[in-house]
Amino acid sequence: MEKTVNHKAWFLVLPVLVLVAFSAVVPLMTVVNYSVQDTFGNNEFFWAGLEWFDEMLNSQRMWDALGRQLAFSAIILAIEVPLGIFVALNMPKKGFWASVCLVLMALPLLIPWNVVGTIWQIFGRVDIGLLGYTLDKLGIPYNYTQDFFAAWATVIIMDVWHWTSLVALLAYAGLQSIPDAYYQATKIDQASRWAVFRFIELPKMQGVLMIAILLRFMDSFMIYTEPFVVTGGGPGNSTTFLSIDLVKMALGQFDLGPAAAFSIMYFLVILLISWVFYTVMTNLDKRETGR
Amino acid sequence: MSMAASTSTSASSGRASALPKVNGRAVVMTLYLVFLLLPIYWLVNMSLKTNAEILSTFSLWPQELTFRNYATILTDPSWYMGYVNSLIYVVINTVISISVALPAAYAFSRYTFLGDKHLFFWLLTNRMAPPAVFALPFFQLYSSVGLFDTHIAVALAHCLFNVPLAVWILEGFMRGVPKEIDETAYIDGYSFPRFFVKIFMPLIASGIGVAAFFCFMFSWVELLLSRTLTSVDAKPIAATMTRTVSASGLDWGVLAAAGVLTIVPGALVIYFVRNYIAKGFALGRV
């Protein structure tokens, strides 16, 4: 669609600008403010320059949290994306069962995040949870509050449970947009199932898959509530991801300076990924209108 | 002759392979749906048991069905006020988000103006911003203006990600409406506000519904900010639940029932938005 140049459109955007600026820019400035100052209490602040940034960049604790965070994001992407595509390929194309699948698959997406945590906390308990109980009876040692491996497995399975449907639904939406004529052509050419997937379905899904991957990376990168409820970041620090660590630092220990410096670096990473996301989105829009 | 034979065998083998393939699909979907529903089923199962039964016997369904856990929640103000508080700030947030996002989304979908792309991108970064970064500043901001522990504070805080979300989703729907409609309306003498309310909004009614649903949902599922910004008067159900876990840690039946009740709002309307879920999560694209 051809857009007209109209600078008065600013008036339509103004309410959004004011509202989001109030809830985004003001707090962000507070963070910037703290990140360059030090305090000894009593609301007296001193200029500290880039000291906090220096400290955080040399802090083993932050690098560890970042490492765990990246490992977590990588693992869940490696599971959720192929699984989501696989599920989408197996979904009914239309009719009653397609609706049933859509509704049931969307269910985990709409559950409050702390309830997701609660569900898995209960589900994994050896005494009262189905999963924990079954594993225990099978003779597999499983204790997500004590055991490093069990804690990671629980957090990852929980995330797969929670979000694979999102990838599947997006991939499904991509598949739906493939005209029937394409499939008829593959039948005439007697293309193998793999060839159909590789040369027709995958290219057509490319755009939505990029969105799905970026969304999942983004949301997993700032995951807080679910692991916090299930493991509380433990055992030890083994499931303390970036957000959990940050909240611990800022609200738990009230280390304002380091926490603020941490926040800003965290935010810069997010900004970078957002930019990639935005580029993908606008390219997708262009392709759509160019059709 | 041989060619006919080969085509007939290939046809029959095609049919033979087609039949198990259909079954294969059903098996995959069944397995996946069972995986999704099992933990939810377990929560529902537990919410219908007494605490004694939960802790003493292990059973796949309630032996003595009880609704006492639900009764506890629905009669105790410290429990059900959690739901009321959550609903209040979620509704306030949805109304604010949609009403400011509508004109903005229209502007983004119809016009180019100075800095529009930067603004659109900046909105996206706020949708993506980690709540953990904003928890402490929000706490101080709302404390200093005396809004701490009020519904409006949480509603405003959630605007951080819900307003951008609503703008992006609505823009996605609005770009589908041909511009000729706007022009015809203006020629017919409609003023902008009258055109927008009388003609344009009915055209994107489904988009408004979807955007409202997602604002509702994202505000409903968020815990970190709502917990940080409230203490007593506006305490959301999510925070009420976490407190119970840590304090008593024993009342599993009530905890499960509370969890089931938080799933209900989503489950009630999910059927109506089923075809738009992907679009909503992907910010109006797809």
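The values are calculated or read from the model by the stated rules, or taken from the named source; none is laboratory data. Keep in mind it's a predicted model, so treat the numbers as computed, not measured. Note that each Cβ is placed from the backbone with ideal geometry, even for glycine, and that neighbours are counted across all protein chains shown. We work out accessible area using only protein heavy atoms, side chains counted, and drop any ligands, DNA or RNA first. Shrake-Rupley method; radii C 1.70, N 1.55, O 1.52, S 1.80 Å.
In the set (1) open to solvent by less than 60 Å² (accessible area, probe 1.4 Å); (2) modelled with pLDDT of 90 or more; (3) among the aliphatic types (A, V, I, L, M), A:A191 fails one condition alone, (2).
Set side by side, the residues B:A239, B:A234 differ, and just one is touching a residue at least 40 places away in the same chain (Cβ under 8 Å), within 11 Å of chain A (Cβ to nearest Cβ) and within 25 Å of B:W79 (Cβ to Cβ), which is B:A239.
In this structure, does B:V133 turn out to be surrounded by 21 or more Cβ atoms within 10 Å (Cβ to Cβ) and more than 10 Å from chain A (Cβ to nearest Cβ)? Show your work before the answer.
Working: surrounded by 21 or more Cβ atoms within 10 Å (Cβ to Cβ): yes; more than 10 Å from chain A (Cβ to nearest Cβ): no.
Judged against the criteria, B:V133 is not a match.
Would you check which residues across the range A:219-243 are touching a helix residue (DSSP H, G or I) at 6+ places or on another chain (Cβ under 6 Å), assigned to a helix (DSSP H, G or I) and either at the interface with chain B (Cβ under 10 Å from one of its Cβ atoms) or aromatic (F, W, Y) (or both) and list them? Listed by number, the residues that qualify are A:F221, A:T225, A:E226, A:F228, A:V229, A:L242, A:S243.
Is it the case that the range A:264-284 has a residue that's surrounded by fewer than 17 Cβ atoms within 10 Å (Cβ to Cβ) and among the hydroxyl-bearing types (S, T, Y)? Yes, the range A:264-284 has at least one match.
Within the range B:137-153, the set of residues being open to solvent by less than 50 Å² (accessible area, probe 1.4 Å), assigned to a helix (DSSP H, G or I) and within 23 Å of B:L87 (Cβ to Cβ) comprises B:F138, B:Y142, B:H151, B:A153.
Results for (1) buried (at least 22 other Cβ atoms within 10 Å of the Cβ); (2) in a helix (DSSP H, G or I); (3) not β-branched (V, I, T), shown as yes or no for each residue.
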site: A:V103; (1), (2), (3): no, yes, no
site: A:D127; (1), (2), (3): no, no, yes
site: A:S165; (1), (2), (3): yes, yes, yes
site: A:I178; (1), (2), (3): no, no, no
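You will find that of A:Y172, A:Y144, the residue that is open to solvent by 10 Å² or more (accessible area, probe 1.4 Å), in contact with a Gly (Cβ under 7 Å, 6 or more places away or on another chain), hydroxyl-bearing (S, T, Y) and in contact (Cβ under 8 Å) with a residue 60 or more places away in the chain is A:Y144 and no other.
The selection criterion, being open to solvent by less than 30 Å² (accessible area, probe 1.4 Å) and either more than 7 Å from every other protein chain (Cβ to nearest Cβ) or touching a strand residue (DSSP E or B) at 6+ places or on another chain (Cβ under 6 Å) (or both), does not hold for A:A74. Considering (1) loosely packed, with under 14 Cβ neighbours inside 10 Å; (2) in contact with a helix residue (DSSP H, G or I) (Cβ under 9 Å, 6 or more places away or on another chain); (3) within 13 Å of chain B (Cβ to nearest Cβ), the lone condition that A:F96 does not fulfil carries the number (2).
Criterion applied to A:I156, A:I200, A:I140 was being modelled with pLDDT under 90 and within 29 Å of A:M281 (Cβ to Cβ), and the one residue passing it is A:I200. For the range B:250-280, filtering for residues that are free of Cβ contacts under 8 Å to residues at least 40 places away in the same chain and either over 30 Å from B:F58 (Cβ atoms) or surrounded by fewer than 22 Cβ atoms within 10 Å (Cβ to Cβ) (or both) leaves 9. The numbered conditions (1) in a helix (DSSP H, G or I); (2) free of Cβ contacts under 8 Å to residues at least 24 places away in the same chain; (3) open to solvent by 10 Å² or more (accessible area, probe 1.4 Å); (4) within 9 Å of chain B (Cβ to nearest Cβ) are all true for A:L246 except (3).
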